[in-house]
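Accompanying notes for the structure given below.
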Amino acid sequence: MKLRVKKRKNLISPLKRSSGRSNQGKITVRHKGGGVKRLYRVVNFGQDPMNVKGVVKGVEYDPNRTADIALIEYENGEFKYIIAPQELKVGDEIITAEKAEVKPGNRMRIKNIPVGARVYNVTIYPEGKAKLARSAGTGVFILAHDDNMTQLRMPSREVRKVFSECFATVGEVSRPEHRYRVIGKAGTARKMNRRPVVRGSAMSPYAHPHGGGEGRAPIGMPGPKTPWGKPARGVRTRKRKHTDRYIVKRAEKKRRGKK
């Protein structure tokens, strides 16, 4: 249940748009522009405050992310936004601690969460901020605890290790129905800061590797490429190879037309 509550001014800040342009004014990210004016909600992805109980004062829509956010009032008088898990209701109590009750919204060390539980908002480093599983409907499955490492199965079916001292929140992210959203028309996409995308095959040869030819011509090269000549579609883009040692099983490739 969503409940509108009075906005906390210290948790809201202006959101400046770059429209895909760099500090030199050049377009570095295509298809960005327009969009409805928004305010940014400052969401707490860390572990503070520790060992302080909080009460859910409201569950709100956030225009900057796919999931809902929850406003928490802590016993020390602080207010903070967190990413709301499924089943979290107004009036529920949550806590961040080394070890706590395993229920949606509670945050603790991964080593203290039993195998088989689903978690989200997972940190990569023990005292860092959450980086993994933050979008709507996602959750990470705890497979095994092994010495000082824990094996997690990601939403992509990739199995990877993280330090057992890392933090995670119990539950799954709210709004799982987001994946079924249909934008419907171009005007809605423009409000979302998305500009039109032109097919490469409709361009001239100098504008895109797929361009040129008479009529509906094929690609005409060994493999598809981006406008900058880099391989596209089905090519690995991962570059942070120093973390490959934490991957136990690679993500499964999605087949076209199948989930």
Residue farthest toward the positive end of the dipole of the chain, with Cβ of Lys/Arg at +1 and Asp/Glu at -1: which of T66, I27, V90? I27
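Treating only the Cβ atoms of Lys and Arg (+1) and Asp and Glu (-1) as charged, compute the dipole magnitude of segment 179-244 about its Cα centre; round to the nearest 20 debye.
Numbers: 17 positive and 2 negative charges, 120 e Å.
Using Cβ point charges on Lys, Arg, Asp and Glu, segment 179-244 gives about 580 debye.
Under Stokes-Einstein, with the Kirkwood radius over Cα pairs standing in for Rh, what whole-number D in µm²/s applies to segment 87-148 at 10 °C and 1.306 mPa s?
Values: Rh = 12.7 Å.
D, rounded to a whole number, is 125 µm²/s.
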Please say if segment 191-234 is rounded, prolate or oblate, where rounded means a/c under 1.5 for a ≥ b ≥ c the square roots of the C-alpha gyration tensor eigenvalues, and otherwise the choice is prolate for a/b larger than b/c and oblate otherwise? oblate
According to a simple spin-label model (label point 7 Å from Cα along Cα-to-Cβ), what is the distance in nm between K111 and E158? 2.5 nm
Charge-dipole axis of the chain as Lys and Arg at +1 and Asp and Glu at -1 on Cβ define it, positive-most pick from M221, N148, S204: S204
Using a simple charge model, +1 on the beta-carbon of Lys and Arg, -1 on the beta-carbon of Asp and Glu, nothing else, what dipole does the chain show about its Cα centre, in debye to the nearest 20? 1760 debye
Let me have the relative contact order for the chain, percent, based on Cα pairs under 8 Å that are six or more residues apart. 16 percent
With no solvent and one equal point scatterer per Cα, compute the Debye intensity ratio I(q)/I(0) for segment 198-259 at 0.12, 0.14, 0.18 Å⁻¹ and report its log10, rounded to two decimals. -0.48, -0.60, -0.80
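For segment 37-104, what number of Lys pairs, 8 or more residues apart or on separate chains, have alpha-carbon atoms under 15 Å from each other?
6
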Can you give the charge dipole size of segment 41-84 about its Cα centre, rounded to the nearest 20 debye, using +1 on the beta carbon of Lys and Arg and -1 on the beta carbon of Asp and Glu? 60 debye
Given the C-alpha centroids of segment 100-118 and segment 174-200, what is the distance between them in whole angstrom? 34 Å
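Sort T150, T28 so that the residue with the fewest other Cβ atoms within 10 Å of its own Cβ comes first and the one with the most comes last. It would help to have the intermediate numbers written out before the result.
On the way: T150 25, T28 11.
Final ranking by Cβ density, sparse to dense: T28, T150.
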Pop a pseudo-label 7 angstrom from the Cα along the beta-carbon direction at both A217 and R21 and give the gap in nm to one decimal. 3.4 nm
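Over the Cα atoms of the chain, what is the Rg over Rh ratio if Rh follows Kirkwood? Present the calculation step by step, with values, prior to reporting the outcome.
Values: Rg = 21.9 Å, Rh = 21.3 Å.
Reported Rg/Rh (Cα atoms, Kirkwood Rh): 1.03.
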For segment 100-211: relative contact order, % (alpha-carbon pairs under 8 angstrom, 6 or more apart): 26 percent
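Values in this text are rule-based calculations from the coordinates and carry no lab data. Model, not experiment: these values are computed from the prediction. For neighbour counting, all protein chains shown are included, and Cβ atoms are generated from backbone atoms with ideal geometry for every residue, glycine included.
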